[in-house]
Amino acid sequence: MNEELDSQLSAMFDNELPAAECELLARRLSRDEELKARWGRYAAIGATIRAEGGPRLNAELARRVSIAISAEPADADVAAAPVSRASAFRWRTPFAGAAVAASVAAAAILWVRFQSSPQETVLISQTDAATGTPARQVSGPGVSPPGDASYVVPRTTARRSIVPSTQLASYVVAHSEFSSPVNRRTLLSAFITSEAGPAGAPAGSDEPTDDASDDAKSPQ
Amino acid sequence: MSADVSDLSLVRRVQRGDKGAFDALVLKYQHKLVKLVMRYVRNPAEAEDIAQEAFIKAYRALPQFRGDSAFYTWLYRIAINTAKNAVVSRDRSPIEYNIDRNDATEESYDMQGRMKDSETPEGLVLTDEIRTTVNAAIDALPEDLRTAIVLRELEGLSYEEIAAAMDCPVGTVRSRIFRAREAIDRRLREVFEGGLGRTEELG
């Protein structure tokens with residue numbers, strides 16, 4: 001055994017070795033069984049001088065503890081696990097928030113596009129062109145007031161086109177020339193009733209909900 | 001120099017996952033811990049069990065040890081709490097309750113008289129043999145080596161304090177203490193053939 005090394009070990013046992021040397025020697029001590037045995041004997045010598053020796057001054061207790069902790073997870077694992085979880089959570093948090101926000105935004109965009117798909121837009125344009133009525137002048141329940149630049153014609157408005165009503169009105173006018181006033185009134189009442197039904201339907205039946213309306217009015 | 005520098009270097013190694021470093025801490029403090037626990041329980045075997053439990057608790061709690069206090073102070077607190085809990089759970093009366101923090105490092109307590117009643121004959125023989133061998137080895141030391149090792153181990157003086165007392169450089173103190181230990185250790189190994197500090201099964 002190197003005498004200088006033993007001298008360092010003795011000084012380290014007394015906490016009298018410089019920190020830098022302690023680091024190196026501690027590493028060797030933890031791996032070198034012969035050095036560890038010498039370290040244990042230094043402890044036994046001191047215990048004997050102080051008359052504090054137990055019934056067994058060998059390393060029986062140390063051996064039992066060593067066996068017990070061999071089944072324990074290494075302290076590095078115990079200490080590192082919460083830290084790594086915490087640090088992982090710390091750097092993941094902003095990305096997770098951004099991912100959620102992006103997902104919501106993408107879903108909103110897709111929903112709006114689905115609500116105002118090209119087929120619907122074409123249908124509305126064709127309908128409006130056929131009636132000569134500008135889309136923004138269409139009014140009724142569930143429709144935003146005119147002047148809203150982001151206004152989108154609701155899908156149900158296209159289905160409730162006034163084209164059949166115009167034809168019926170022409171038919172009623174033509175028919176009135178050949179029918180009695182009572183028949184004319186009955187036919188007109190039936191016509192008004194057929195027109196008022198779809199136009200006065202509850203907003204929830206086939207109309208966009210308030211929330212969906214808000215989405216529909218969102219900027220494109 | 002920090003009073004706990006070597007312990008702290010071992011502690012840091014344990015905290016990095018080096019279990020072998022904890023063996024060194026156990027070897028260093030097992031005797032002190034057993035002596036401390038013997039103030040609470042009469043049976044030496046029970047005292048060793050409690051000391052073992054205290055070491056295991058310390059190992060498990062070591063990730064939270066930040067080095068604000070000395071390792072042995074922290075360890076002794078764990079041992080005292082473990083001993084008190086053991087006494088309470090076993091519904092036994094402790095030998096002494098009036099123990100405070102200073103008692104943890106107090107070396108004046110005479111345990112020998114209490115232990116002799118309950119030690120096994122083999123244990124007594126071994127302890128007596130060790131004591132006889134160490135005392136004989138100390139008596140055979142040159143005066144300067146004997147004074148240095150006694151001031152260190154019995155009085156707990158630092159190297160600087162011993163240097164002042166012996167009127168010599170600190171380096172000389174370090175050399176004298178080392179040579180005293182080597183002389184005693186050589187004698188112990190001759191007598192017990194490696195029975196002391198047996199660590200073949202450690203790690």
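The values are calculated or read from the model by the stated rules, or taken from the named source; none is laboratory data. What you see is a predicted model, and the numbers here were worked out from it, not measured in a lab. Every residue, glycine as well, gets a Cβ built from its backbone with ideal geometry; the counts of neighbours run over all protein chains shown.
Is it fair to say A:R27 is out of contact with any Leu (no Cβ under 7 Å at 6 or more places or on another chain) and modelled with pLDDT of 90 or more? Spell out the reasoning first.
On the way: out of contact with any Leu (no Cβ under 7 Å at 6 or more places or on another chain): yes; modelled with pLDDT of 90 or more: yes.
Against the criterion (out of contact with any Leu (no Cβ under 7 Å at 6 or more places or on another chain) and modelled with pLDDT of 90 or more), A:R27 qualifies.
Residue under question is B:K19, and the condition is that it be at the interface with chain A (Cβ under 7 Å from one of its Cβ atoms) and under 18 Å from the mean Cα position of the chain (by Cα); does it hold? Steps first, please.
On the way: at the interface with chain A (Cβ under 7 Å from one of its Cβ atoms): yes; under 18 Å from the mean Cα position of the chain (by Cα): no.
Taking the combined requirement at face value, the residue does not satisfy it.
Hey, could you check region B:22-41 for residues that are more than 7 Å from chain A (Cβ to nearest Cβ) and of a type in the set (V, I, T) and say which is nearest to A:E33 (Cα to Cα)? Before the answer, list the steps.
Initial filter on region B:22-41 (more than 7 Å from chain A (Cβ to nearest Cβ)): B:25, B:29, B:33, B:36-41.
Adding the requirement that they be of a type in the set (V, I, T) leaves B:37, B:41.
Values: B:V37: 28, B:V41: 33 Å.
Across region B:22-41, the extreme among qualifying residues is B:V37.
Output the qualifying pairs, or none if there are none: Cβ atoms under 8 angstrom, residues six or more apart or on different chains, first residue in region B:42-62 and more than 10 Å from every other protein chain (Cβ to nearest Cβ), second residue in a helix (DSSP H, G or I) and modelled with pLDDT of 90 or more.
B:E46/B:A86; B:I50/B:V37; B:I50/B:A79; B:I50/B:T82; B:I50/B:A83; B:I50/B:A86; B:K57/B:I78; B:K57/B:T82
With the requirement that a residue be within 11 Å of A:T48 (Cβ to Cβ) and under 17 Å from the mean Cα position of the chain (by Cα), what does region B:132-158 give you?
B:V134, B:E153, B:L154
Please specify each residue of region A:1-48 satisfying the condition of being more than 7 Å from chain B (Cβ to nearest Cβ) and of a type in the set (S, T, N, Q).
Residues satisfying the conditions are A:N2, A:Q8.
Just the residues that are in contact with a helix residue (DSSP H, G or I) (Cβ under 6 Å, 6 or more places away or on another chain), at pLDDT below 90 and within 21 Å of B:H31 (Cβ to Cβ), please, taken from region B:50-101.
Result: B:P94, single match.
So if I check each of B:A183, B:A136, which one is surrounded by fewer than 21 Cβ atoms within 10 Å (Cβ to Cβ) and at pLDDT 95 or above?
Details: B:A136 fails: at pLDDT 95 or above.
Answer to the check: B:A183.
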